[in-house]
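Notes to accompany the following structure.
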Amino acid sequence: MFTINKCLVNICKNDALSTFDEKGNIIEGKGYCLDHIPDPALAQSAIYNYIKNNEKIVGLNAHGMIFKDIDFSNKKFFGCDFSHCTFQNIKWENTLLRISVFDFAFFNDCNFIKNNSLFTTFSCSTFTHTLFNASDMLQCNFNGIKAFQCSFDNSDFFSTRFINAILTDTSFNNCNLKKTVFSGTTRENVSFKMSNTREAVFGTAKDPLRTEQNDALAFGNSIVDGEIK
């Protein structure tokens, strides 16, 4: 797991960015956040190069950075912090994510095809035109996300949570939704065709863990949003 160091500026509550030694290895020490580091461009360049030059990335803290037009395909991230980051046109194909944090991040035109994630959190992040197709996203946290025109098709979301998410023009077709929780979600034009929705949790404010309501679905295990009330 990554080491969380706060910015050295006393009044700042942001997390400090990772720093590196002369050989380009991460140093576990105190530092500054992106807003207060003396040379932000140099700090970001060091993080970009570290990701580019390493297949396995462990304990990286890139809190608040902007990533644009970068290929992260086939990388392996363990215990990394990308919270409050912005990702524009990023490829994450065949990427492995373990115990990493992407909370309050922004994703636009990103590709997570064939991604393999476990115990990773995207809580309160915003996704637009982003693909999670053919991925294994097990026991992950998508609570409070906003997803617009996204596809999660042909993926495994076993025991993953989308509590209080806002989902618009988004699809979960042919997915494994066993123990997946959609309680409190706001959904507009969301498709779950060919997915095992009877094994998911679509609760209500009064009874958030209720699953019996799924028995009323008219299309077996396949639904288009609007059938679940």
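The values are calculated or read from the model by the stated rules, or taken from the named source; none is laboratory data. Only a predicted model underlies this, so the values are computations on that prediction, with no experimental measurement involved. Glycine gets a Cβ as well: all are built from the backbone with ideal geometry, and neighbour counts include every protein chain shown. With ligands, DNA and RNA removed, areas are computed over all heavy atoms of the protein, side chains included. Shrake-Rupley method; radii C 1.70, N 1.55, O 1.52, S 1.80 Å.
Below, the figures for the structure above:
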{"read-out": "His63 vs. criteria in contact with a strand residue (DSSP E or B) (Cβ under 8 Å, 6 or more places away or on another chain), open to solvent by less than 30 Å² (accessible area, probe 1.4 Å) and outside any helix (DSSP H, G or I)", "value": "yes"}
{"read-out": "Single condition Ser83 does not satisfy, out of (1) touching a residue at least 24 places away in the same chain (Cβ under 8 Å); (2) part of a loop (DSSP other than H, G, I, E, B); (3) among the polar types (S, T, N, Q); (4) farther than 24 Å from Met137 by Cα", "value": "(4)"}
{"read-out": "All positions within region 135-146 that are open to solvent by less than 50 Å² (accessible area, probe 1.4 Å) and either among the aliphatic types (A, V, I, L, M) or out of contact with any Lys or Arg (no Cβ under 9 Å at 6 or more places or on another chain) (or both)", "value": "Met137, Gly144, Ile145"}
{"read-out": "Within region 8-25, tally of residues that are in contact (Cβ under 8 Å) with a residue 24 or more places away in the chain and open to solvent by 50 Å² or more (accessible area, probe 1.4 Å)", "value": "2"}
{"read-out": "Region 70-80, subset within 23 Å of Thr19 (Cα to Cα) and assigned to a loop (DSSP other than H, G, I, E, B), residue most open to solvent (accessible area, probe 1.4 Å)", "value": "Ile70"}
{"read-out": "Sole residue being of a type in the set (Phe, Trp, Tyr), in contact with a Ser or Thr (Cβ under 9 Å, 6 or more places away or on another chain), more than 19 Å from Phe82 (Cα to Cα) and open to solvent by 10 Å² or more (accessible area, probe 1.4 Å), chosen from Phe152, Phe158", "value": "Phe158"}
{"read-out": "Total residues in region 86-99, condition within 16 Å of Phe127 (Cα to Cα), open to solvent by 10 Å² or more (accessible area, probe 1.4 Å) and outside any strand (DSSP E or B)", "value": "1"}
